[in-house]
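What follows is a set of notes on a single structure, which appears directly below.
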Amino acid sequence: MTWFRGLACVVFPAVVMLACTGVGTASAQTAQTAANGCVACHASLSDARLSAPPAALQGDVHQTHGFSCVDCHGGDASAAEKVAAHSAAKGYRGKPAGKDVITVCARCHSDAELMHKFAPRQRVDQAAEYATSVHGKRLASGDTQVATCISCHGAHGVRLVNDAKSPAFPTNVAATCGGCHASAEHMKGYTLPDGKPLPTSQLADYQRSVHHAALTKNNDLSAPTCNDCHGNHGAAPPGVSSLTTVCGTCHTVFATKFATSVHAQIFERACIECHSNHAVLQPSDEMLGTSSQTVCASCHSDKDDPGYVASAKMRASIDRFKHGIDSSANLIGRVKNAGMEVGDDELALNEARTRLVLARTEMHAFDPGSLDGVVGEGMKILAGVDQAGNRSLAELAYRRRGLFVSLAAILLVVIALVFKIKGLEAKS
């Protein structure tokens, strides 16, 4: 059967991985390279631009599944001469570019029956979705500078999106998008709907954000990156009317509270009015209030402004609650250090801290009354904690007094015994 395997490797290079499994994976890959004249020829070229693709194929998902150069480029991989290998009669199309890239990739990735053989869960509507994107629409209008499939996934050495080496892996997406969008030269001539030049600071802004920190420093792969807000194949900038929905995809409770607020009808850019879009910094209580450093002060600077009054009240409520939590935690800490049981009190403190989180959430409704309701519930919990802590301190003081009295009594008994003994010794 050895002769059959050898024949199969020559006649059927696209399925060589299946035909040659009997000689081991390494041997199969060697046989595939030998049977693929494209790889053999290009690997020997002195022009790095032409010799690089074969080297990049190591680990390529298409090669792993048995696809070869001709599946994308056409031609005859078994031909020894360049003219025959590049024969138009054999379907040679050369290096796809622009619309041809979409066509070549979609030939397989839009074929549900074919894709079911290799990746049953893979979507097959990427090309249709791409056509609806900003990139796809501009490509259709003749703009060849926009991103196509290979701009984000690569051409040779394509990896699965869950492979950390893939340009489409979550931690790499921002840099991939930034390859175009952070380049002032590449983005020259592109404008926003109002006619202003399209910014190129998005990548730098995002790298300062809490989202980027969560993704790269905390290894939270669920943290948002470019495609989570803009889409991937159907990439489009979120419109003003959809910004709350985009942010609300993750921040559901905040979006619900905001929708009931007076700001929902006033803010043109919804959430990003206060939090920005790409440079979303870590939220803090310092954003709320009336000092010049707060976000609220950028709109509400008049002391007679209801918004000014409301922001002052909400900040005061949250500060009072935080101070109460710190004070109660300090009290329970003293009790615990004294050796008293404080398990229930610590649980109550955690509940109070949860109420603080809820208060910060409630703040997005911009209603001091509703915020005070949450803070009031939390303060009741703290009152119970303080009461329990003070009882423990009182009990501790009582125990210490009892211990002092006991020690004093014991000391008196010892002194009496000493005198008694000395008296007995004197009589003897």
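The values are calculated or read from the model by the stated rules, or taken from the named source; none is laboratory data. Being a predicted model, the structure only gives us computed values, none of them experimental. Neighbour counts are summed over all protein chains in view; Cβ atoms, including those assigned to glycine, are modelled from backbone coordinates with ideal geometry.
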In this structure, is C105 under 19 Å from S166 (Cα atoms), outside the structural domain of A155 (by TED's automatic domain parsing) and out of contact with any Lys or Arg (no Cβ under 7 Å at 6 or more places or on another chain)? yes
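Yes/no per residue for (1) more than 30 Å from T252 (Cβ to Cβ); (2) exposed (fewer than 15 other Cβ atoms within 10 Å of the Cβ); (3) of a type in the set (A, V, I, L, M); (4) in the same structural domain as A394 (by TED's automatic domain parsing):
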{"residue": "R315", "(1), (2), (3), (4)": "no, no, no, yes"}
{"residue": "G333", "(1), (2), (3), (4)": "yes, yes, no, yes"}
{"residue": "M340", "(1), (2), (3), (4)": "yes, no, yes, yes"}
{"residue": "G343", "(1), (2), (3), (4)": "yes, yes, no, yes"}
{"residue": "L347", "(1), (2), (3), (4)": "no, yes, yes, yes"}
{"residue": "T354", "(1), (2), (3), (4)": "no, yes, no, yes"}
{"residue": "R360", "(1), (2), (3), (4)": "no, no, no, yes"}
{"residue": "H364", "(1), (2), (3), (4)": "no, no, no, yes"}
{"residue": "D367", "(1), (2), (3), (4)": "no, no, no, yes"}
List every residue pair whose Cβ atoms sit under 7 Å apart, with the two residues 6 or more apart in sequence or on different chains, where the first one lies in the range 386-401 and is touching a residue at least 60 places away in the same chain (Cβ under 8 Å) and the second, anywhere, is of a type in the set (D, E, K, R) and not in a helix (DSSP H, G or I). none
Out of the range 78-118, which residues are surrounded by 14 or more Cβ atoms within 10 Å (Cβ to Cβ), outside any helix (DSSP H, G or I) and within 43 Å of the chain's Cα centre (by Cα)? Y92, R93, P96, G98, S110
Look at the range 29-52 and say how many of its residues are buried (at least 20 other Cβ atoms within 10 Å of the Cβ) and either part of a helix (DSSP H, G or I) or modelled with pLDDT of 90 or more (or both). 6
F258 in contact (Cβ under 8 Å) with a residue 40 or more places away in the chain and not β-branched (V, I, T): yes
Checking E273 against (1) part of a helix (DSSP H, G or I); (2) among the acidic types (D, E); (3) assigned by TED's automatic domain parsing to the domain that holds D386, which test does it fail? (3)
Within the range 250-294, take every residue that is of a type in the set (V, I, T) and surrounded by fewer than 16 Cβ atoms within 10 Å (Cβ to Cβ) and give me the one that is nearest to Q207 (Cα to Cα). T252
If a residue must be of a type in the set (A, V, I, L, M) and within 19 Å of the chain's Cα centre (by Cα), how many such residues does the range 180-215 contain? 6
Within the range 185-204, the count of residues that are surrounded by fewer than 15 Cβ atoms within 10 Å (Cβ to Cβ) and of a type in the set (A, V, I, L, M) comes to 3
When the residues of the range 32-53 are narrowed to those that are within 37 Å of the chain's Cα centre (by Cα) and touching a residue at least 12 places away in the same chain (Cβ under 8 Å), which ends up nearest to A155 (Cα to Cα)? P53
K165 being within 29 Å of the chain's Cα centre (by Cα) and modelled with pLDDT under 95: yes
Positions within the range 384-407 being of a type in the set (A, V, I, L, M) and either within 20 Å of E341 (Cβ to Cβ) or at pLDDT below 90 (or both), in sequence order: V385, A388, L393, A394, L396, A397, L403, V405
When only residues in the range 153-176 that are in a helix (DSSP H, G or I), in contact (Cβ under 8 Å) with a residue 24 or more places away in the chain and not hydrophobic (A, V, I, L, M, F, W, C) count, which is farthest from F67 (Cα to Cα)? T171
Of all residues in the range 183-198, how many are closer than 24 Å to C274 by Cα and either among the charged types (D, E, K, R) or modelled with pLDDT of 95 or more (or both)? 2
Output the residue which, of all residues in the range 222-260 that are among the hydrophobic types (A, V, I, L, M, F, W, C), outside any loop (DSSP other than H, G, I, E, B) and touching a His at 6+ places or on another chain (Cβ under 6 Å), is nearest to P167 (Cα to Cα). F254
Where the second residue is in a loop (DSSP other than H, G, I, E, B) and of a type in the set (S, T, Y) and the first is touching a residue at least 12 places away in the same chain (Cβ under 8 Å) and outside the structural domain of G154 (by TED's automatic domain parsing) and lies in the range 54-83, which pairs have Cβ atoms under 7 Å and are six or more apart or on separate chains? H73/Y92; G74/Y92; G75/S87; G75/Y92; D76/S87; A77/S68
Test: residue in the range 140-152 that is surrounded by 13 or more Cβ atoms within 10 Å (Cβ to Cβ), over 20 Å from H186 (Cβ atoms) and not assigned by TED's automatic domain parsing to the domain that holds G37: no
